[in-house]
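This report refers to the structure that appears directly beneath it.
The values are calculated or read from the model by the stated rules, or taken from the named source; none is laboratory data. All values derive from a computational prediction rather than experimental measurement. Cβ coordinates were reconstructed from backbone atoms using ideal geometry, including for glycine residues, and neighbour counts include every protein chain displayed. Each accessible area value is taken on the protein alone, full model and side chains, heavy atoms only, with ligands, DNA and RNA left out. Shrake-Rupley method; radii C 1.70, N 1.55, O 1.52, S 1.80 Å.
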Amino acid sequence: MEIIVYGDIHGCLEEFIELRKRVPKNKIEICVGDLIDRGKYANEVIEYVMKNNIKSIIGNHEYKHIRKYWGRKVKLDENQKEVYKSFTKESLEFLSNLPMFIKIDNTTILHAGISNKMDLNDKKIEHILYMRDLDENENFLSINHDNPNAKYWAEIYNGNQGFIIHGHQVFSEVTKFPNSIAIDTGCVYGNKLSAIYINDTTKPWEYEVFSVNAKKEYEKYYKKF
Ligand SMILES: [Mn+2]
């Protein structure tokens, strides 16, 4: 199958529309999650995705808003409160029905990452929305950890859940790891929005990259690219 996968959009609708003009046409299009928050547009991005029949998986940002919608106890920041208010019922329903991951042939699309101990068929797989570093026993570490032996998950991932396309962790360029590709190039932080075109989902390591530069720095990144 031929697919296009887009990195974290985070409300950068204008760059997303530009990027769609540059990628091969009439393919299955999939967003890697984090369509919303931080950037200028939120409900507009969701409506655009729905209208253009673009697929998406859940990112940690969607998950927060969905849990709010489901009546769970969630702490939204000031910006997220405004974003939440802007959602139509249709948009919230759309977000509520997104899958945690999409697997096509040997290609797995998920938001953040996975460890070799996890199975996508497990019941509790929320960590795939937040994964960054693993400890020496390959256990999940939260974002503020101070473990000096921590490793970024993709450096040790062995491919047992398919070749993974993901976002979440920002890299200045689309970055290939042994069994995965990171495609969040930090558009909302003023860098660029990227997509990859995979011509055959049985061979996802053969891909082509497309990018458009961010129109501006919408939010400050915590470190330099
Ligand atoms: Mn993100």
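Some points to look at:
- Once backbone amide H atoms are built at 1.01 Å from N, residue 56 has 31 as its partners under 5 Å, excluding neighbours fewer than 5 places away on the same chain.
- Reachable lysines, given that their alpha-carbon falls under 27 Å from the alpha-carbon of residue 151 and they are not under 8 places away in the same chain: 64, 103, 117, 123, 124, 176, 192, 203, 220, 223, 224
- A Förster distance of 41 Å, applied to the separation of the beta-carbon atoms of residue 160 and residue 82, puts the FRET efficiency at 0.50.
- Beta bridges per DSSP with both ends in the chain, % antiparallel, nearest 5: 60 percent
- Mean separation of Cα pairs under 8 Å and 6 or more residues apart, divided by the residue count, gives the chain a relative contact order of 24 percent.
- Sites residue 97 and residue 44, calculated FRET efficiency, Cβ-Cβ separation with R0 30 Å, nearest 0.05: 0.95
- Result for the chain in a Gaussian network model with C-alpha springs under 10 Å: among 142, 56, 180, the largest mean-square fluctuation is at 142.
- Cα convex hull volume per residue for the range 51-118 (Å³): 123 Å³
- The chain, helix-only ellipticity at 222 nm - DSSP H runs n ≥ 4, -39,500 (n - 2.57), divided by all residues, nearest 500: -6000 deg cm²/dmol
- Extension gain (nm, one decimal) between residue 67 and residue 125, 0.36 nm per residue minus Cα-Cα: 19.4 nm
- Between the range 96-133 and the range 161-225, the alpha-carbon centres lie 17 Å apart.
- Springs join every pair of Cα atoms under 10 Å in this Gaussian network model of the chain, and among 78, 206, 44 the largest mean-square fluctuation is at 78.
- For the range 96-225, the fraction of alpha-carbon pairs lying more than 26 Å apart is 24 percent, rounded to a whole number.
- Rounded to the nearest 20 debye, the dipole size of the chain about its Cα centre is 520 debye, using +1 on the Cβ of Lys and Arg and -1 on the Cβ of Asp and Glu.
- Simple spin-label estimate for residue 2 and residue 223 gives 3.8 nm between the two label positions (7 Å along the Cα-to-Cβ direction from each Cα).
- Inter-probe distance in nm under a simple model that places probes 7 Å from Cα toward Cβ, at residue 105 and residue 208: 1.6 nm
- Working note: Cα gyration tensor of the chain, eigenvalues times five, square-rooted, sorted largest first, giving semi-axes of 24, 22, 18 Å.
- Spin-label model, residue 116/residue 90: points 7 Å from Cα along the beta carbon direction are separated by 4.7 nm.
- Other residues within the sphere of radius under 12 Å centred on the Cβ of residue 163, judged by their own Cβ, net out at 0 (K and R +1, D and E -1).
- Solvent-accessible surface of the chain, taken per residue with a 1.4 Å probe and all protein chains present: 49 Å².
- The range 1-120: C-alpha gyration tensor shape, a/c 1.5 cut-off, then a/b vs b/c: oblate
- A Cα-only calculation for the range 171-225 places Rg and Dmax at 12.6, 38 Å.
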